[in-house]
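Each remark here refers to the structure printed beneath this line.
The values are calculated or read from the model by the stated rules, or taken from the named source; none is laboratory data. Every value quoted in this text rests on a predicted model; they were computed, and no experiment measured them. Neighbour counts run over all protein chains shown; Cβ positions are idealised from the backbone, glycine included. Surface areas here come from the heavy atoms of the whole protein model, side chains and all, with no ligands, DNA or RNA. Shrake-Rupley method; radii C 1.70, N 1.55, O 1.52, S 1.80 Å.
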Amino acid sequence: MSENSITGDLLIVGAGIAGITAAVEAAETGISVIIVEKNAYIGGKVAQFNKYFPKLCPPACGLEINIRRLRNNPLVKLFTLAEVTQVSKENEKYKVSLNIKPRYVNNRCTMCGDCVKVCPQVRKNDFNYNMDETSSIYVPFDNAYPERYIIDKDTCLGESCNECTDACKYSAIDLSEQEKVISIEAGSVIWATGWEPYDANKLDLLGYGKYPDVITNVMMERLSSVNGPTRGQILRPSDGEKVNSVAFVQCAGSRDENHLAYCSSVCCMASLKQTQYIREQYPDAEIHIHYIDVRAEGLLEDFYRGVQKDEKIHFHRGKVAKVVKEDSTRKLAIAAEDSLTGKMIHTSVDLVVLATGMKPSTEKIPVDKLLIDDDGFLKPDGNGHASCGVVTKPKDVASTVREATGSVLNAIQKIRRN
C-alpha cells in the first residue's frame, strides 16, 4: 500500500456517540478500526446537548470517558474533516475513497490561543446554530477533540493576512494546506452518520426565520449550555431579556405528510427536559406545551408525571396553527386548536421552541439506494454493511449505544468469516 492507502479490519463512518461506541468496543476486542468524521471534532449531536434525560446529567462525562478509550487505543485511527465519496466491494473487501479537507492547523498546536487574539475576521458559529460568532481561527467548543484549532477558509483572508501564522510560535499553521484523497481497504463497514434537525425554515406558519424569538429544540440545548452563546443563560434572542413565558410546539414538521411523515420518538422527552432548564432559571415562568400526544416510554413515564405536577406547566392537546408577532407588545402570539374542547386557544409568550424532528444523514453517503427506506433511514444488507444510531431510525442515546454495540458483533462475525 502507498502512503495514501491504509487498511483496517473495520471502517466506521461517523464519530458521534454511535460511531465512537462502535469504535472502542471493536478495538478493545483486537479489531483494527478506521473511524472517519465529516466535522472537525468528534461527539456528534451529543456534544451539543446540555443534559440527558431523565437524570438531567451533562453528556460531557460520558463522552470524555469514551474519547479517552478511543484516543488511547493504538488500534484506532481517526480522520476528521473526512467524507466517504465512493464505496465498492472486491474479493470480500470494501474499497473506499476518502476526501480529507484541510484543517490548516497541524498537530504542533498547543491551544495557546495567540492566533485567536490577532485574527481580524469572524464567522458564524455553526456549533451554536449561528447564534453567536467566533474568530476565523477557532476551536469548535470547549474540550473538543482533536485538541487543535481549525481555520474557516470561507472567512479567513488567507496568506494575504498571515496574522495567525506570524503569531504562532510553534509553526502549527499552514494556510497552503491542500485537500487529500486516501484509499481505504476494510473487511466490514458500519454507517453511523447520525442525523440533522429538520429545516424549520420550511415551517413558514410557525415563524422560524421571521421572528428571532422562535427557536428550535436544538438551539434551546445550546442556549442552556454553559459553553453556549449566552453561557447558559436562557435569554430572548431578540433583545437578550429574561423570559417569563415559553411555548413548546411539538411535532413541528413531524408526523406530517408534507414534511416528516414519521415520529422522531424523543422530541416529547426533549421538550419535557427543556422545561426543567427553564424552571431552574425562572421559577415563576409560565410554560405551555402544545402536543398531539406525549410519548414517554417505560421508565420515562415517571419523568413525564413529575413534569405534570408543576402547576405552571400547561399541556394543550392540539396542533399549533400559526405563530405571529403581537402588534402591541414584543411577545409572540400563538393560535392553536384544543382538540379536547374543539375550540381555538390563543397564548402570548416571550419565547417559542419548535420541537423539530430528526432527519437521517443519508443524502450524501454513497450506498445503494435500495438500502435506504422511504423515510431516508438506512437498512442493513446483511453482507458486511451495518449501521447504527439515528441513521437507522430515531432513538435516544441509550438505545443508540446498545445498537452500536450490537453492530460491532455483526461486523466482527463478518471479518472473522473472511
Self-check item: Amide H contacts under 5 Å for LYS331, placed H, 5+ residues apart
Solution: GLU326
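What is the dipole size for the chain, taken about its Cα centre, with +1 at each Lys and Arg Cβ and -1 at each Asp and Glu Cβ, in debye to the nearest 20? Please list the in-between numbers first.
Details: 51 positive and 55 negative charges, 120 e Å.
Approximately 580 debye in magnitude.
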Practice problem: Work from the charge dipole of the chain (Cβ charges, +1 for Lys and Arg, -1 for Asp and Glu, about the Cα centre) and give the residue of GLY298, CYS156, LEU370 farthest towards its positive end. | Solution: GLY298
Quiz item: In Å, the Kirkwood hydrodynamic radius of the chain over pairs of distinct alpha carbons?
Solution: 23.0
Self-check item: Percent accessible area from carbon and sulfur atoms, the chain, protein chains only, probe 1.4 Å
Solution: 47
Quiz item: With each label point set 7 Å from Cα along the Cα-Cβ vector, what nm distance links CYS112 and ARG402?
Solution: 5.0
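I need the calculated FRET efficiency for the pair ARG68 and ASP204, taking r as the beta carbon distance and R₀ as 56 Å, to the nearest 0.05. Mind dumping the intermediate values first?
Working: r = 45 Å, r/R0 = 0.80.
So the FRET efficiency works out to roughly 0.80.
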Self-check item: Alpha-carbon centroids, the range 139-212 and the range 331-350: separation in whole Å
Solution: 40
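Could you tell me whether the range 248-341 comes out rounded, prolate or oblate from its Cα gyration tensor? Rule is a ≥ b ≥ c as square roots of the eigenvalues, rounded for a/c under 1.5, then prolate if a/b exceeds b/c, otherwise oblate. Numbers along the way, then the final one.
Numbers: a/c = 1.83, a/b = 1.06, b/c = 1.73.
The shape class here is oblate.
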Self-check item: Cα-centre dipole for the range 242-313 with unit charges at Cβ (Lys and Arg positive, Asp and Glu negative), debye to 20
Solution: 140
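With a 1.4 Å probe and every protein chain left in place, work out the accessible area per residue of the range 11-82 in Å², rounded to a whole number. Could the numbers behind the result be given before it?
On the way: 2600 Å² over 72 residues.
Ligands and nucleic acids excluded, the result is 36 Å² per residue.
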Exercise. Would you work out which of VAL353, LEU205, ASN72 lies farthest towards the positive end of the dipole of the chain, given +1 charges on the beta-carbon of Lys and Arg and -1 on that of Asp and Glu, about the Cα centre?
Key: ASN72
Quiz item: Rounded, prolate or oblate: which fits the range 169-261, taking a ≥ b ≥ c as square roots of the Cα gyration tensor eigenvalues, rounded meaning a/c under 1.5, else prolate when a/b beats b/c?
Solution: oblate
Exercise. State in Å² the accessible area per residue of the range 283-325; use a 1.4 Å probe, count heavy atoms of protein chains only, and round to the nearest integer.
Key: 58
Quiz item: When the Karplus curve 6.51 cos²θ - 1.76 cosθ + 1.60 is applied with θ = phi - 60°, which whole-Hz ³J(HN,Hα) does each residue of the range 219-232 get, with x for Gly and Pro?
Solution: 5, 4, 4, 6, 4, 8, 8, 5, 9, x, x, 10, 6, x
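At 0.36 nm per residue, and after removing the present C-alpha to C-alpha distance, how many nm does the segment from TYR211 to SER339 gain when stretched out fully?
On the way: separation 128, 0.36 × 128 = 46.08 nm, distance 2.67 nm.
The TYR211-SER339 span can extend by a further 43.4 nm.
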Quiz item: Which whole-Hz couplings ³J(HN,Hα) result when phi for each residue of the range 270-287 is put into the Karplus expression 6.51 cos²θ - 1.76 cosθ + 1.60, θ = phi - 60°, listed in order with x for Gly and Pro?
Solution: 4, 5, 4, 4, 6, 4, 6, 4, 5, 5, 4, 8, 10, x, 10, 5, 8, 10
Self-check item: Karplus 3J(HN,Hα) series, Hz, for the range 40-53 with 6.51 cos²θ - 1.76 cosθ + 1.60 (x for Gly, Pro)
Solution: 7, 9, 10, x, x, 5, 4, 5, 9, 6, 8, 8, 8, 10
Self-check item: Built amide H within the under 5 Å cut-off of ILE12, gap 5+
Solution: ILE34, ILE35, VAL36, ILE190
Quiz item: So what's the back-of-envelope 222 nm ellipticity for the chain, counting only DSSP H runs of four-plus at -39500 (n - 2.57) apiece and dividing by all residues, rounded to 500?
Solution: -6000 deg cm²/dmol
Practice problem: Please list the non-local residues whose amide H lies under 5 Å from the amide H of MET131, H modeled 1.01 Å from N, same-chain partners needing a gap of 5 or more. | Solution: ASN125
